[in-house]
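S.K.: Encoded as structure tokens, here's the structure I'll be asking about.
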Amino acid sequence: MIDLRSDTVTLPTPAMREAIARAELGDDVYGEDPTINRMQALAAEKVGKEAALLVPTGTMGNLSAMLAHCGRGDQVIVGSECHIYQYEAGGASVLGGLMYKVVPNLPDGTLESGALHAVLANYHYDSHVARLGLLCLENTHNRCGGAVLSPEYMAEMRSLAQQHDLPVHLDGARVFNAAVALGVDVRELTQHVDSVQFCLSKGLAAPVGSVIAGSRAFITQAHRMRKILGGGMRQAGIIAAAGIVALTEMVDRLAEDHLHAAMLAEGLATTPGIVLDVTTVQTDIVIFALSEGLQQRMNATQFVRALHAAGVLMGEMGGGRIRAVTHYGIAADDIQETLAAVRRVVA
Ligand code: TLP
């Protein structure tokens, strides 16, 4: 089976398994796991922040960050297509008493400028109004096809937020993909945010784990939130050990995933029945749809099912959109096999 449902399906590399087996461990609730401490210091340094914190998942990382920045009843500005709003089960409302202030996302992952400016311009705090607490960005942008936000755009958002005394949090689950695609150090992106969450367990291929990073004061607060959410783990150096390998050995190879995604996109775009603009594919995510003609015969659900039977797994995104994600473990041959399977299915 060729599994392109997500880059979360990656299995640890041999070096990770070795590092996990040999990891020096301690109780992290006492701050005594040397491998976690080493990974957190490395992670903070990589993204140019004072401190970092290991969290079990990206979802807990984003939630801990939102809770650290905001108080109950605050509004968090999010994009309409962002993961925090679409796929995190409303955690910020359920557990934090926060309100989502939703601004439309454009297909390139940016926030619709007029709507964002209107939210900020119309905001005057008084006792009737929920306080604006945070602006969230996502880079790369998952539901926008792995779109990359440029450092210039991030700087612009930072400066806009600063004018309104608003901190900025980046859901950077795939921020290393963004940096590799742009050919810049990831700090070019993370310097423009107060906090960042990135996943070790996606393209970087670690089995578990995410990191949040920011100022020391922010991490102190986020550490408390992680505890409240039940994310204070013990000998989790076995997770951090794989994370160290992820950060030191697995970043540059993301370029390979991007190349495979571009190959897949080009093949799909020239397949009758598939609708895809190759220029939208910038990183490891390929999102496409079926033509009206093909939809006379099959919808996205039937396409994904038939493709599964042909040995390839992809995911449905809703609205007739289908997603394929390249990752460690997928080779150029797998892309060719995938294209052959798609052509059989749509024939
Ligand atoms: N995304 C998963 C699914 O939840 C959709 C995937 O397969 O892409 N931020 C972004 C941008 C993400 O894409 C994800 C996971 C998360 C946060 C949450 O990470 P986890 O799954 O570790 O909680």
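FYI, it's all coordinate maths here, none of it is from the lab. Remember, it's a predicted structure, so these values are computed and weren't measured experimentally. With ideal geometry, Cβ positions are generated from the backbone for all residues, glycine too; neighbour counts draw on all protein chains shown.
S.K.: What number of residues within region 96-125 are charged (D, E, K, R) and within 19 Å of ALA161 (Cα to Cα)? Before you say what the answer is, go through the steps one by one.
M.R.: Taking region 96-125 first, the residues charged (D, E, K, R) are 101, 108, 112.
Within this subset, residues satisfying the condition of being within 19 Å of ALA161 (Cα to Cα) are 101, 112.
Number satisfying all stated conditions: 2.
S.K.: Being surrounded by fewer than 18 Cβ atoms within 10 Å (Cβ to Cβ) and outside any helix (DSSP H, G or I) is the filter here; which residues of region 236-251 pass it? Step through it out loud before you land on a result.
M.R.: Residues of region 236-251 that are surrounded by fewer than 18 Cβ atoms within 10 Å (Cβ to Cβ), as a first pass: 248-249, 251.
Listed by number, the list holds a single entry, VAL251.
S.K.: I would also like to ask the following. Name the residue that is farthest from the chain's Cα centre (by Cα), counting only residues in region 311-327 that are surrounded by fewer than 20 Cβ atoms within 10 Å (Cβ to Cβ) and not basic (Lys, Arg). Step through it out loud before you land on a result.
M.R.: Looking only at region 311-327, we keep the residues that are surrounded by fewer than 20 Cβ atoms within 10 Å (Cβ to Cβ), and these are 311, 313, 315-321.
Those left that are additionally not basic (Lys, Arg): 311, 313, 315-320.
On the way: GLY311: 27, LEU313: 20, GLY315: 16, GLU316: 17, MET317: 15, GLY318: 18, GLY319: 21, GLY320: 22 Å.
Across region 311-327, the extreme among qualifying residues is GLY311.
S.K.: Tell me whether region 128-143 contains one or more residues that are assigned to a loop (DSSP other than H, G, I, E, B), touching a helix residue (DSSP H, G or I) at 6+ places or on another chain (Cβ under 8 Å) and over 30 Å from ILE36 (Cα atoms). Break it down into steps so the answer makes sense when it comes.
M.R.: Going residue by residue through region 128-143, those that are assigned to a loop (DSSP other than H, G, I, E, B) are 128-131, 139-140, 142-143.
Now narrow it down to the ones that are touching a helix residue (DSSP H, G or I) at 6+ places or on another chain (Cβ under 8 Å): 139-140, 142-143.
Those left that are additionally over 30 Å from ILE36 (Cα atoms): 143.
Yes; the residues of region 128-143 include at least one that is assigned to a loop (DSSP other than H, G, I, E, B), touching a helix residue (DSSP H, G or I) at 6+ places or on another chain (Cβ under 8 Å) and over 30 Å from ILE36 (Cα atoms).
S.K.: Here's another thing I want to ask about it. Which of (1) part of a helix (DSSP H, G or I); (2) surrounded by fewer than 21 Cβ atoms within 10 Å (Cβ to Cβ); (3) in contact with a strand residue (DSSP E or B) (Cβ under 9 Å, 6 or more places away or on another chain) is the odd one out, the single condition ILE36 does not satisfy?
M.R.: Against the list (1) part of a helix (DSSP H, G or I); (2) surrounded by fewer than 21 Cβ atoms within 10 Å (Cβ to Cβ); (3) in contact with a strand residue (DSSP E or B) (Cβ under 9 Å, 6 or more places away or on another chain), ILE36 comes up short only on (2).
S.K.: To continue, here is another question. If we scan region 69-79, do we find a residue that is within 30 Å of MET263 (Cα to Cα) and surrounded by 15 or more Cβ atoms within 10 Å (Cβ to Cβ)? Spell out the reasoning first.
M.R.: At the first step, the residues of region 69-79 found to be within 30 Å of MET263 (Cα to Cα) are 79.
Next, from what is left, pick out any that are surrounded by 15 or more Cβ atoms within 10 Å (Cβ to Cβ): 79.
Yes: one or more hits.
S.K.: Can I ask one more? Using beta carbons and a limit of 9 Å, which pairs, at least six apart or on different chains, have the first residue in region 1-16 and farther than 23 Å from MET263 by Cα and the second one surrounded by fewer than 16 Cβ atoms within 10 Å (Cβ to Cβ) and charged (D, E, K, R)?
M.R.: Within 9 Å, the pairs are THR13/GLU249; ALA15/GLU249; MET16/GLU249.
S.K.: Does LEU149 qualify as being within 16 Å of the ligand (Cβ to nearest atom), assigned to a strand (DSSP E or B) and either basic (Lys, Arg) or closer than 27 Å to ALA265 by Cα (or both)? Steps first, answer last, please.
M.R.: Values: within 16 Å of the ligand (Cβ to nearest atom): yes; assigned to a strand (DSSP E or B): no; either basic (Lys, Arg) or closer than 27 Å to ALA265 by Cα (or both): yes.
Judged against the criteria, LEU149 is not a match.
S.K.: Give region 187-233 a look and list any residue that's part of a strand (DSSP E or B) and either touching an Asp or Glu at 6+ places or on another chain (Cβ under 7 Å) or free of Cβ contacts under 8 Å to residues at least 60 places away in the same chain (or both), or say none.
M.R.: Going residue by residue through region 187-233, those that are part of a strand (DSSP E or B) are 195-199, 210-214.
Once the filter is applied, which keeps residues that are part of a strand (DSSP E or B) and either touching an Asp or Glu at 6+ places or on another chain (Cβ under 7 Å) or free of Cβ contacts under 8 Å to residues at least 60 places away in the same chain (or both), region 187-233 yields GLN197, GLY214.
S.K.: Does region 1-30 hold any residues that are touching a strand residue (DSSP E or B) at 6+ places or on another chain (Cβ under 9 Å), in a helix (DSSP H, G or I) and under 24 Å from ALA331 (Cα atoms), and which are they? Working first, answer last.
M.R.: If we filter region 1-30 for residues that are touching a strand residue (DSSP E or B) at 6+ places or on another chain (Cβ under 9 Å), which is where we start, we get 1-9, 28.
Next, only the ones that are in a helix (DSSP H, G or I) stay: 7-9, 28.
Across region 1-30, the qualifying residues are ASP7, THR8, VAL9.
S.K.: Right, next: For region 78-114, how many residues meet the condition of being closer than 18 Å to ALA147 by Cβ, away from the ligand (no atom under 15 Å from the Cβ) and small (Gly, Ala, Ser)?
M.R.: Of the residues in that region, 1 qualify.
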